[in-house]
Structures are given as structure tokens and as C-alpha cells.
Amino acid sequence: MTKRILVLLMLVFVLAGTNAFAANHYIRSGASGANNGTDWTNAWSSLSQVSWTRGDVYYIAAGSYGTFTFSTSTSGTSTIEIRGAIGGTGDHGTSTGWSDSFQGQALLSGGSSQFSTSYWTINGQAVPGCSYPSNNDACYTIKFVNPAVGSSPAAGQALFLCNGSGTCTNYLLEYVDVLGSNTEVKGGNFSDEGIYCYQTCNNTTIDHSYVHSAGCDTLSFNSGNAANLVLSYDWIAYNDAGHANISGSFAHCQGIQHTAATFTAKYDVWQDIQSSGVITDAAGGNANFTEWDIYGNLFFWDAAWIAKWRGDSWVGLDNGIIGLYSVANTSGILRFYNNTITSPGLASSQNCTTVVYEINSPMVLATVQAYNNIWYNFNSSECGAGAGAAGTYDYNAYYQVSGGKGDNGAHSYSSSTNPFVNPAASTVAGFMLTADTNTGVQVASPFNTDMLGTTRGSSGIWDIGALQLSGTSSSLPPVPQNLHVVSIQ
């Protein structure tokens, strides 16, 4: 009997893995107990006091924590998780010493906080009452800030990944607020980036986060052919906000620059992105392009941004939504499904290109599929909309696009109407449809829901654009699983 129990215990340990005996620890600025992290009363009061153990979870309360370098050595695949504390019936670990007043923002500010080793999770947790994607600071319990200092550029980045290592892996950032040095002041002189991977970051996911107001790129993964880079349910805004680099001249900046071979951007909001493109490979060049899936996103420019920049000949998008400059492998596939794009609203003399993608000649991607996308409110024929470089474009809709539809797809169409509830509101709800569009083409999972979780086709029509009109029944046949559209005849 004893041997049997021993064998069972050993089996439980093997099945549970290295985190079988993971512990919870607590960090709270201002704590005045034993300073050992055992509960909220005895929490560590600063990050420099923390004893970091692989496999454990570290709850962090509201407060100011300065900057910190997270450098605990890796141990196999064991992860350290830093978790924002949620009050009430939410997850804050132990109740010993807890007060709901401890919920708020754990602020890491003063310059760049850095992660120099692999296997880290930063989890702010969903805040009750919030919906994501969100640009509301109150919806995030962990915030990284790179503040502006006078008129000089602040050093570094708000959040620095893989600093000091050639290759890092397995970063998960969720429900995190990342604020760059610039606060949308035209003429600001800053060149920092929001989230920056210095070397190669594999298996990185940034989801349900708010990354905004960087002096140049909001996100930069600028060397190595990183694999499995995922952005989902993020609100990404105000890159290149000051429109100058550290020497005071024009800077080429992007919403994200990266060279990941496999990349997914799904259900994100991209607001007021300018310069080279929203998504580019400008970082290190020679991207080993394998598969980029960009679907269910909302790309828009609000009235305040348009008013501020109108007449500035430098501003806009030079290379469309996606700009490819030096792809090392052109045999990959680019999928661009069910996105909504509004016009930057610039003058015809400015850069106003929101085509799907542009690629440096003579490079040609083997497979490009652009289906079920909406372009809205392009009041100048100079503004590019729709097709860019070679690919298959169909089932796209062009509402109030004075230059006409930008592709020759048999099922693409133009309309003079406004299909949205209130696009001027600059909210996700404002870009909900007032009625079904013409029917789009069905594509299989994972492309068959929108950012609100609505099943595409639930109204009876597979709607074009980022957001599906909801309904209780569907006349559509079941979507085949594990299949992707290859071509439209």
C-alpha cells in the first residue's frame, strides 16, 4: 500500500509539471509588515526586495515602483507571472491584509523597465466593467511609462524585452498599459518606442493591452526572424506623436515594425497611426515571411488628429496598412480579412495611402488574399484605398470612396452611404453596422468571429468589415473547418 501511494504521488507530480507547488507572493508599495511577501500586510514594498522564484505568481497592488530589470535566470520552461490585483470578488490571491483600496495601477515609470530573460507573464487581469479593446487607463492594473523630460527625448523605451540576450522566448503581456514619452503634442522631440525587443523575441503575445503615445514606433521587434508574434484585442494609438526624431527631423515610424516569420494581428484597434505604415518589416529587414494573418481589425483616424495634421506634407501613411521593404522569403502567405479602414482625412498633397500593402519591387509575395474589408470616407481621389501590390482582392466594400473601389473583384462594390452607427465617436461601438452589408465570402476558423465574439453570419449574412451585425439565426450553411480560401473565381 505504501509503495502504491508513493507511485501515485510521483505520477501526480509528473502530470502537474514543474509548477505543481507554485506559490503566491505579494508586492505592495507602502507595506510596513515583515517585508517577506507572504501576504498583503507583509508584502514586499519595492521590486528590488522581491525574491523571484520560477513557477510562482507575484500579485502587485497599486503604487509607484520606479523602473526595474527583471533578470531571473530561466529554468526550463518555468514562467514567472506578475499579476495585477483585482478587488471585491476578483482575484487578489490571499485575503489576509487585503483592502479593496489596493486595486488601481501598479506604475513602473521613470524610464525603461526591462526583461532580459525568457518566460515571463505580465497579467494585469481584466478589470470588472471594462470591455476590450480599450483605450481607458482605468481598465489596466499594470502600467509601464517612459515619461517626457522637458523638450529633450526621454531615454530608452517604456518596456524593453530581451535586453542583453541573443534570443528570448515566451513573453505574454495581457491587460497591460504601455505609455511612451510623447503626449500627442505636435513638434515634440522624442524617439522612444512603446514595447521594444532588442534581439529576437520568439513566441510573444500581447493581448488586451493599450500601447500608445510613443515618440516613434508603438511596437518594435527589430532583429531576427522571430516566430509566433501575436497581437490580439489591443488598442494601439498615437505613434510618432511628436513628428520628430532626436535630431529634430522627420522620423520613419510605424504602428509596429517587425521581422517575424509568423505574425497575427487580430481584433485590434489601430488609432491615428502615421508615417511609413501601420504594420511593416522596416525594423531589421529581410523578414523570413511565412504567414501573416491580419483580420478583424479596426483602423481609424479621428477628427482631432486630422485637424492637427492637415496641411503637414510629411504626415500620413507612405506605404499603406502593410509596408514590406526587404522580405527574405516571398513564398509565404498574407491574409487580410474582415478589417475596417477609415480615411486619414488628409489633403490630396499629403500621404494618404491605406491600400492593403505595398512591397518593394521586384519582390512579389506568392499568395495575398484580401477579402471582406471595408474602406470608408475617402473624400480625395488621391487617397489610396483597396488593392496595392499584386494579390487576390474580392468581396470588399467601398463606402463614400470618391476614387471608386480599389480592386476588380467580381463581388467588391461601392456605395455612397455611411454603414456605421457613429464613426465620429471614435469608439468600437461607433463602428457597428446599422444594417447588413452585401454578403462576404465565408472563411473558416479562426476567422469566423469578430472582436466582440459575434459569430460571422449570425444575422443571416456574412458581413463585410470588422464587426458583424448580430442575430439569432443564420441561413448560412456550416463553415467547413480547417480550410482556408485559396482563390476566388
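The values are calculated or read from the model by the stated rules, or taken from the named source; none is laboratory data. If you're wondering where the values come from, they're calculated on a predicted model, not measured in any experiment. No Cβ is skipped: glycine too gets one built from the backbone with ideal geometry, and neighbour counts run over all protein chains shown.
Structure values in brief
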read-out	value
Any hit, the range 161-179, residues being farther than 25 Å from LEU467 by Cβ, part of a loop (DSSP other than H, G, I, E, B) and at pLDDT 90 or above	yes
From the options GLY430, GLY404, GLY453, residue that is at pLDDT below 95, surrounded by fewer than 21 Cβ atoms within 10 Å (Cβ to Cβ) and out of contact with any Lys or Arg (no Cβ under 9 Å at 6 or more places or on another chain)	GLY404
Some residue of the range 427-438 being without any contact (Cβ under 8 Å) to a residue 24 or more places away in the chain and closer than 14 Å to ILE464 by Cα	yes
Boolean, ASN135 is within 24 Å of GLY55 (Cβ to Cβ), in contact with a strand residue (DSSP E or B) (Cβ under 7 Å, 6 or more places away or on another chain) and at pLDDT 95 or above	no
Condition met for ASP281 (surrounded by 24 or more Cβ atoms within 10 Å (Cβ to Cβ), acidic (Asp, Glu), under 21 Å from the mean Cα position of the chain (by Cα) and closer than 21 Å to CYS197 by Cβ)	yes
Condition met for GLY323 (in contact (Cβ under 8 Å) with a residue 60 or more places away in the chain and assigned to a strand (DSSP E or B))	yes
Boolean, ASP312 is out of contact with any Ser or Thr (no Cβ under 7 Å at 6 or more places or on another chain), within 25 Å of ILE461 (Cα to Cα) and acidic (Asp, Glu)	no
Which listed residue, of LEU346, LEU324, is modelled with pLDDT under 95, under 16 Å from CYS253 (Cα atoms), crowded, with 22+ Cβ neighbours inside 10 Å and not acidic (Asp, Glu)	LEU324
Candidates THR79, THR89, THR121, filtered to the one that is closer than 17 Å to THR169 by Cα, of a type in the set (S, T, N, Q) and surrounded by fewer than 18 Cβ atoms within 10 Å (Cβ to Cβ)	THR121
Single unsatisfied condition, GLY84 versus (1) closer than 23 Å to ASN146 by Cβ; (2) at pLDDT below 95	(2)
Test result for VAL485, at pLDDT below 50, within 25 Å of TYR376 (Cβ to Cβ) and surrounded by 15 or more Cβ atoms within 10 Å (Cβ to Cβ)	yes
Residue in the range 354-366 that is in contact (Cβ under 8 Å) with a residue 12 or more places away in the chain, part of a loop (DSSP other than H, G, I, E, B), surrounded by fewer than 23 Cβ atoms within 10 Å (Cβ to Cβ) and within 22 Å of the chain's Cα centre (by Cα) present	no
Boolean, ALA435 is modelled with pLDDT of 95 or more and in a strand (DSSP E or B)	no
